[in-house]
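For reference, the structure is listed below as structure tokens.
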Ligand code: GLU
């Protein structure tokens, strides 16, 4: 696998890459990273950055020690540090003519389907505007029960939501080792993981979990999420200057290869919905369009059954009520009732606000 073949890439950077042990911001490193991103952009890649560092930068500004912070205080510190973090990105990335935006997510934003679909559209719109979203957990409001707490798993869910091809976790270790290399001389870097049960069966977890500032177990959890989403994942050492360039040139990292294709993963998810919330009955013309891989437009819909919200699972039936597809509806049932049979260009006028033009987008639909 090479990043060259990946179209959408999520890159997660840990606090230890941005701030060194003496609490100094690693500005030179960030510049070299921005240069790498510029190269990827020149290759027409869509990039999302997941960056930690809000609490670390807040602590620097306020002269606090991260270890002594209680949750409520750390939320306030994150609020102070998050703008420091974005300022740092803005100043550095603008030198390379790279546009950045900020997205702060909580657990519910990725776990609740409707909110995750909204987030997905925002990512897509930012790509279209040629902006690089910089994501962090919304630490200021995330409490223990509703908190990711680590950006490894957050990054993997972002990769899943955005249908990304690759997730790169830049850490301060080379990757996943068989044992803790600081203790055992015979520890080996695992270069490739295809099958978790087979390839990781001899892993001595105890010793390796302390490796990497965020720990290894959250990284393995992230890899499992990626595998199910058809996304490849890399754990690599990001401490070096030009870390992405290094990954592209030298095979010194752990690669988790996804066994299923991206499309398969998505199709599986859509098709395996246990309770579609409603039905759309379509005409022959729309049925033919779906067969040819097109999206479902309002003009081809004859009737709506059931009550559903935007983003819910629905069945698509032909005029003899035979199921021909399943998908995620971009409109609520109330909205579809108003727009069915109409041309897409009329939708805005009928509803009184701007929306998507496809009722079920082809990427959100599986033909049966
Ligand atoms: N969201 C936290 C921060 O910005 C970091 C979480 C992590 O490092 O995984 O400080």
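The values are calculated or read from the model by the stated rules, or taken from the named source; none is laboratory data. Note that the coordinates shown come from a computational prediction; the quantities given were computed from them, not determined experimentally. Positions of Cβ are generated from backbone atoms using ideal geometry, with glycine treated the same way; all protein chains shown enter the neighbour counts.
Just to check your reading of the model, which residue among 99, 136, 128, 118 is in contact (Cβ under 8 Å) with a residue 12 or more places away in the chain and closer than 24 Å to residue 44 by Cβ? Working first, answer last.
Details: 136 fails: closer than 24 Å to residue 44 by Cβ; 128 fails: in contact (Cβ under 8 Å) with a residue 12 or more places away in the chain; 118 fails: closer than 24 Å to residue 44 by Cβ.
Only one candidate passes the filter, namely 99.
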Checklist entry - Any idea how many residues of segment 38-54 are surrounded by fewer than 22 Cβ atoms within 10 Å (Cβ to Cβ) and either in a loop (DSSP other than H, G, I, E, B) or within 9 Å of the ligand (Cβ to nearest atom) (or both)? => result 3
Checklist entry - Can you name the number of the only condition in (1) more than 28 Å from residue 225 (Cα to Cα); (2) more than 21 Å from the chain's Cα centre (by Cα) that residue 98 fails? => result (2)
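Kindly evaluate residue 58 against the criterion of being in a helix (DSSP H, G or I), free of Cβ contacts under 8 Å to residues at least 40 places away in the same chain, under 17 Å from residue 105 (Cα atoms) and within 16 Å of the ligand (Cβ to nearest atom).
On the way: in a helix (DSSP H, G or I): yes; free of Cβ contacts under 8 Å to residues at least 40 places away in the same chain: yes; under 17 Å from residue 105 (Cα atoms): no; within 16 Å of the ligand (Cβ to nearest atom): yes.
No; evaluated as a whole, the condition is false for this residue.
Only residues that are surrounded by 15 or more Cβ atoms within 10 Å (Cβ to Cβ) and either under 17 Å from residue 167 (Cα atoms) or more than 16 Å from the ligand (Cβ to nearest atom) (or both): list them for segment 18-37, please.
First, the residues of segment 18-37 that are surrounded by 15 or more Cβ atoms within 10 Å (Cβ to Cβ): 18-19, 25-26, 29-37.
Those that are surrounded by 15 or more Cβ atoms within 10 Å (Cβ to Cβ) and either under 17 Å from residue 167 (Cα atoms) or more than 16 Å from the ligand (Cβ to nearest atom) (or both): 29, 31, 32, 33, 34, 35, 36, 37.
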Checklist entry - Of the residues 94, 101, which single one is over 24 Å from residue 152 (Cβ atoms), modelled with pLDDT of 95 or more and away from the ligand (no atom under 14 Å from the Cβ)? => result 94
Checklist outcome for this item: Among strands (runs of 3 or more DSSP E) entirely within segment 254-368, at least 2 residues that are free of Cβ contacts under 8 Å to residues at least 60 places away in the same chain and at negative phi occur in 278-282, 301-305, 313-317, 323-328
Checklist entry - So which of 12, 45, 4, 41 is within 19 Å of the chain's Cα centre (by Cα), at pLDDT below 95 and closer than 24 Å to residue 245 by Cα? => result 4
